[in-house]
Amino acid sequence: MLEFLNGLAAANPEVPGVLLRVAGMLAFGALVVFVFILPVAGITSWVERRVWARIQSRIGPNRVGPGGFLQWLADGLKNLLKEDVIPQAVDEPLFRIAPYLVVAGFVAAFVAIPFGGSLIIADLNIGILYITAITSLVVVGILMAGWSSNNKWSMLGGIRSATQIISYEIPLGLTIFPVVLVSGTLSTQGITAAQGWAPHTWHMFHNPFLLVSFLLFFVCALAEGNRTPFDLPEAESELVAGFATEYSGMRSLLFFLAEWGNLYVIGALVATLFMGGWQVPRFTDDPTLLAVAQFFTIFLKAYFWVFVAMWVRATLPRIRIDQLMALCWKYLVPMALLNTLGTAFFMVLFPEGSLVVRIALVAVVLAIIFVFARRVRFHLARARGLGYGAV
Amino acid sequence: MEGLSAEVVVFFFLAGVAVVGACGVAFATHIVYSALSLMLSFLGVAGLYVMLDADFVAGVQLLVYVGGVVVLTLFAVMLTQGIRDVKVSNRSAGRGFGLLTVVAVFALLWRSFQAAQWHRPVEYLAAESSTAAVGNALLGRYVLPFEVASLVLLAVLVGAVVLTRKETAESE
Amino acid sequence: MSVEIEFTDDHGSAGGFATEEMTLNMGPQHPSTHGVLRFVVKADGEVMRRAVPDVGYLHRSIEKIAEKVGWHGFMPYTDRVDYVAAMTCNQAWAMAAESLGGVEVPRRAEYCRVIAAELGRICSHLLAFGAMGMDIGAFTPFTHAIREREMINDLLEELCGARLTFNYLRIGGVAWDLPPDYAHKVLRFLDRFIPLVDEFDDLLSNNKIYIERLADVAVISPEMAIAYNLVGPNLRASGVDYDLRRDRPYSVYPDFDFTVPVGKGTWGSVGDCWERYIVRLHEMRESAKIVRQALEGLPGGPVIAKVRRNFKPPAGEVHIRVETPRGDQSWYVVSDGSERPYRVHIRTGSFSAMSIIESLSNGLMIADLVALIASLDVVAPEVDR
Amino acid sequence: MAGAAECGGGSVALVELSRVERDMEIAAIRRLLHDKLGAAVGVVEEGPHYESIRIDDDAVERAAMLLRDTPELRFDCLSNLSGCDYPGRGAIDIVYDLYSYEFDRSLVLRVSTRRGDPLVDSVERVWPAANWLEREVFDLLGVRFRGHSDLRRILLPEDWVGHPLRKDYVEPEQYHGISTVRESMLGIRSGS
């Protein structure tokens, strides 16, 4: 995008370059927010409800639009039209600002998330650092929401959330280290460029430590996104709705928007860091076609992990706060540190990487998927035998 | 008009954010608002770092100060206040002492202001990573201070653990 | 900057490491209180110091109503004592009235009662299973359990026309005989359902997170369980091998062969939340066994004895104990020979289960309290009646 | 209890049978209590369905202690505690349904207390289960329990007036300004 803006600047010398760049980025950012983030977050809510429903042998939203596809729009409109209840005892300014801060935190992360080779709002050279940093705004927002609600359940939710996000930021950062070591850059585009389109060239298969890192990253990302089994801050059965208890209408929806949008961020980060991002084989020289292919590649990869997160949410119970902390500090942090060291050693041993190791790791993962698929087949067959074939 | 280029506008905006934030910290009557103003101030400073092309420092500023310090401050304040209905407020602590501090700080600022070489890069620096430079400096020229700092931090960490453990033991 | 902290109220101990306790109001409107219950929780952060149950929000004066309506007329009200397992409450009332009035129940009616009661027990345990999963944060088991419960509801609807408050039993027997082809339908359901219990095991019982959340949490020793008069699955989970259906048999239960599941301490201690959970899961299998045997051995004959419309049992009093899904429900019924009961008192399983919570609460976390309530399978209307 | 299988399933027959079985025991238990507590232990009262031992209201706790701790009795469980108002006799009866898990044996104690000033020993210290059961009796019948740790209303609101399960209880016309009488659309007066 920068080239395009530079070209624009060259064509219009009378306009200051910086202004053009800022305006261009703002325009592109607005485009991303309204054409991509809002629909994706909304549609994710519909997909999640449908996926959940299938897993729970229900049907799910199916009335608005084909297959209930427009349910998210209906929900959004409904919430926009609802009364924005501000309880009397809340700290009003903070109560009002908090949802926006949460949304700002997650939307700002999209600045450095690549959608394709040339499709990125800003290819920051500290891209991945920026993403982990800017998402901390979400914590502040959640804490604000929890505190300003003047409700002990909200407060507990806010505190849980802050504890959780701060703690899990550490292993999350540490699991990114090996990727940065291998690709030698913090830029998300640089990390993608260091991988190829073929699976064995992905970072997750670079060495065994990176494979573990990849799993740890996904776990930590789920925890950062307050997703089951780490959904303690809004644990319905314990804290009613956690920090969002007192919110209603659009403000409440903003929290959910952030949650569903965050899912895509998690997926896109996993895809970018470990799964080759938008890399596609160079099948054509047409840049537009290539950009489209790249966009769909990373979108599908990201959405696969969104789906996995939904699946996990529908399957697992919730862990307890002390177990959450123990998991983080006793297991994830040491393992992540070990992975960083291991990757460093591996890079000393094989400065160019090792094709044998890569192929072997691909084989291992394929074997795991095969075993898993057989188990799924067994369960499906059993369910069908019981008469649950078509629900 | 040279003096009002876009960069200048952005600079004054960010500086304003930082200063307003700082004033908020000092003048807010509510400690939660103070903490949030602190965040605003940090954000402004992070923006200034970006303008100085020190993007790594800006990132770290966000990560450590906004994500860490402010959140922990808020955390501590909210834990003591929201739950137990404790009234926590700022109180001025002696005008004279305050004035002294202000004078001292301004003297220091003035000195650094005069000592600085007000050299500005003329043209926009293309995105070039300052990360590598910072890394090289930390593990090259400044490796000793870096290691000493990390040792000090470790000692602080251990000390904190010991202190809290002792208190818990006493309570039983 | 100096910070002034003014404490608005006196807090805690003088000297030493004072922990600040906060008072949380859990309920009466709270997702995990299974109806309308309230707990006043004194907590130090996430760790509770004390949780005091406050009941009575669903008090509908059923005992008082009993004194106002006739013997027959009270039957529908017994459904409301525990609307999750209405059949067994029906049964208790029928037994009380019959034993006071000296009514001989036809054998076929007893079989129908057992079939209905055991289907109701599966129903209730399915709800307990699902709700427990949901309280621990897993939503899917709930919908799966409700799906199965729906089928039992269909079966019971076919039996008596109602899906929740059945009013199927009558003093002297049951209201209607089994509908045609009923045995076949029930057996087909059971064939489907029992393998599904294994599926529940795969999905929830042996889940690592689930075990970690429940094992060794809120352990109730057998002595404590008996002292607090914990009954039913909660008592058995604590290792007391006792089931009224086997040890003080009533109705036609001696005809059937079934085992009584007892807590074994599989993952933690005997009497922890996980044991209370798994005992219920096993009981569903046993109930299915009983239903199967009852359907196979169903005798012929009438389903209701001749009972006068104006039923007036002679003066006297009786203690009836019935094993409901929430355990030994104890009815104390006094008759003064008139057409209305003189006094009815119902001591329910949930009532004693609620009374034990306060003494267990110290040191539990808030999330554990949710698990404890769920594992005790407390049903709010049964506590308050 | 094995006899129930032969008796044809009627629950009446079952109750009769167990009564016969326990007939010998109750006299022995009464004698044992009488030896220790003297005149406070009354007669065995025979009803058509079960019989109970009558105890004085200030000897309940001692009796309970004995029943629980005597090795050959071991009534470790208070299965039920009910109260019943008898205005004709001017008494409120408290009925304790005890159960021994060890010996699989039931026993009923009966205490009469004056209706005007009902006061009975609490057995909370013997069986913790009595805590809530006694609170319930206090709430609904107004019987006070001597030595109870936390005698508050349990089912009704704290500010409720009267004890609804007393036979002479009249429902108040309104509670906190809310009428308890529902006027029928057809002009028929319902409610109490």
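Laboratory data are not the source of any read-out in this text; all were calculated from the coordinates shown. It should be emphasised that the depicted structure is a prediction, and the values quoted were computed from it without experimental measurement. Neighbour counts run over all protein chains shown; Cβ positions are idealised from the backbone, glycine included.
Yes/no per residue for (1) within 14 Å of chain C (Cβ to nearest Cβ); (2) of a type in the set (Phe, Trp, Tyr); (3) in a helix (DSSP H, G or I):
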{"position": "A:303", "(1), (2), (3)": "no, yes, yes"}
{"position": "A:306", "(1), (2), (3)": "no, no, yes"}
{"position": "A:317", "(1), (2), (3)": "yes, no, no"}
{"position": "A:326", "(1), (2), (3)": "yes, no, yes"}
{"position": "A:339", "(1), (2), (3)": "no, no, yes"}
{"position": "A:347", "(1), (2), (3)": "no, no, yes"}
{"position": "A:352", "(1), (2), (3)": "no, no, no"}
{"position": "A:359", "(1), (2), (3)": "no, no, yes"}
{"position": "A:362", "(1), (2), (3)": "no, no, yes"}
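Within segment D:75-94, the set of residues being among the aromatic types (Phe, Trp, Tyr) and more than 10 Å from chain C (Cβ to nearest Cβ) comprises just one member, D:75.
Only residues that are without any contact (Cβ under 8 Å) to a residue 60 or more places away in the chain, facing chain A (nearest Cβ under 7 Å) and among the β-branched types (Val, Ile, Thr) were counted in segment C:133-152, giving 1.
Somewhere in segment C:292-307, is a residue under 20 Å from residue C:356 (Cβ atoms) and either over 17 Å from the mean Cα position of the chain (by Cα) or polar (S, T, N, Q) (or both)?
Start the filter on segment C:292-307 by keeping residues that are under 20 Å from residue C:356 (Cβ atoms), which leaves none.
No, that holds for no residue.
At least 1 residues being in contact with a Cys (Cβ under 9 Å, 6 or more places away or on another chain) and more than 13 Å from chain D (Cβ to nearest Cβ) is the threshold, and among the helices (runs of 4 or more DSSP H) wholly inside segment C:165-259 those reaching it are C:208-214, C:233-237.
Annotation note: Cβ proximity below 7 Å between a residue of segment C:253-278 that is in contact (Cβ under 8 Å) with a residue 40 or more places away in the chain and over 8 Å from residue C:237 (Cα atoms) and a residue that is in a helix (DSSP H, G or I) and aromatic (Phe, Trp, Tyr) (sequence gap 6+ or interchain) occurs for C:267/C:274; C:268/C:274. Would you confirm whether any residue within segment A:94-106 is assigned to a helix (DSSP H, G or I), away from chain B (no Cβ under 12 Å) and of a type in the set (A, V, I, L, M)? For segment A:94-106, residues assigned to a helix (DSSP H, G or I), away from chain B (no Cβ under 12 Å) and of a type in the set (A, V, I, L, M): present.
Hey, could you check segment C:335-358 for residues that are in contact with a Pro (Cβ under 7 Å, 6 or more places away or on another chain) and within 10 Å of another protein chain (Cβ to nearest Cβ) and say which is surrounded by the fewest Cβ atoms within 10 Å (Cβ to Cβ)?
Looking only at segment C:335-358, we keep the residues that are in contact with a Pro (Cβ under 7 Å, 6 or more places away or on another chain), and these are C:335, C:337, C:354, C:357-358.
Cutting the leftovers down to within 10 Å of another protein chain (Cβ to nearest Cβ) gives us C:335, C:354, C:358.
On the way: C:335: 25, C:354: 23, C:358: 18.
Restricting to residues being in contact with a Pro (Cβ under 7 Å, 6 or more places away or on another chain) and within 10 Å of another protein chain (Cβ to nearest Cβ), the top hit is C:358.
Here residue A:84 clears all of (1) free of Cβ contacts under 8 Å to residues at least 40 places away in the same chain; (2) part of a loop (DSSP other than H, G, I, E, B); (3) away from chain C (no Cβ under 14 Å) except the condition numbered (1).
Residue count for segment C:279-334 satisfying the condition of being buried (at least 23 other Cβ atoms within 10 Å of the Cβ) and among the polar types (S, T, N, Q): 4.
The lone criterion from (1) of a type in the set (Ser, Thr, Tyr); (2) within 11 Å of chain A (Cβ to nearest Cβ); (3) touching a residue at least 40 places away in the same chain (Cβ under 8 Å) left unmet by residue B:65 is number (3). Restricted to helices (runs of 4 or more DSSP H) entirely inside segment C:34-146, those with at least 3 residues that are out of contact with any Cys (no Cβ under 8 Å at 6 or more places or on another chain), crowded, with 21+ Cβ neighbours inside 10 Å and of a type in the set (Asp, Glu) are C:107-136. For segment D:95-145, the set of residues classified as away from chain C (no Cβ under 11 Å) and β-branched (Val, Ile, Thr) consists of D:111, D:113, D:120, D:123, D:143, listed by residue number.
Only one of the numbered conditions (1) touching a residue at least 24 places away in the same chain (Cβ under 8 Å); (2) over 25 Å from residue B:78 (Cα atoms) is violated by residue B:58, and that is (1).
Report yes if residue D:58 is in a strand (DSSP E or B), in contact with a helix residue (DSSP H, G or I) (Cβ under 8 Å, 6 or more places away or on another chain) and of a type in the set (Asp, Glu), otherwise no. No: the conditions fail for residue D:58. For beta carbons closer than 7 Å, sequence separation of 6+ or different chains, a first residue in segment B:33-53 that is more than 9 Å from chain A (Cβ to nearest Cβ) and a second that is outside any helix (DSSP H, G or I), the qualifying pairs are B:34/B:28; B:34/B:90; B:37/B:28; B:53/B:125; B:53/B:130.
Mind checking which residues of segment A:43-68 are more than 12 Å from every other protein chain (Cβ to nearest Cβ) and in a loop (DSSP other than H, G, I, E, B)? Selection gives A:61, A:62, A:63, A:64, A:65.
Before we move on, is residue C:378 of a type in the set (Val, Ile, Thr), more than 10 Å from chain D (Cβ to nearest Cβ) and farther than 20 Å from residue C:78 by Cα? For residue C:378, the condition - of a type in the set (Val, Ile, Thr), more than 10 Å from chain D (Cβ to nearest Cβ) and farther than 20 Å from residue C:78 by Cα - is not met. Of everything listed in (1) of a type outside the set (Ser, Thr, Tyr); (2) crowded, with 24+ Cβ neighbours inside 10 Å; (3) within 14 Å of another protein chain (Cβ to nearest Cβ), the single unmet condition for residue A:217 is (3).
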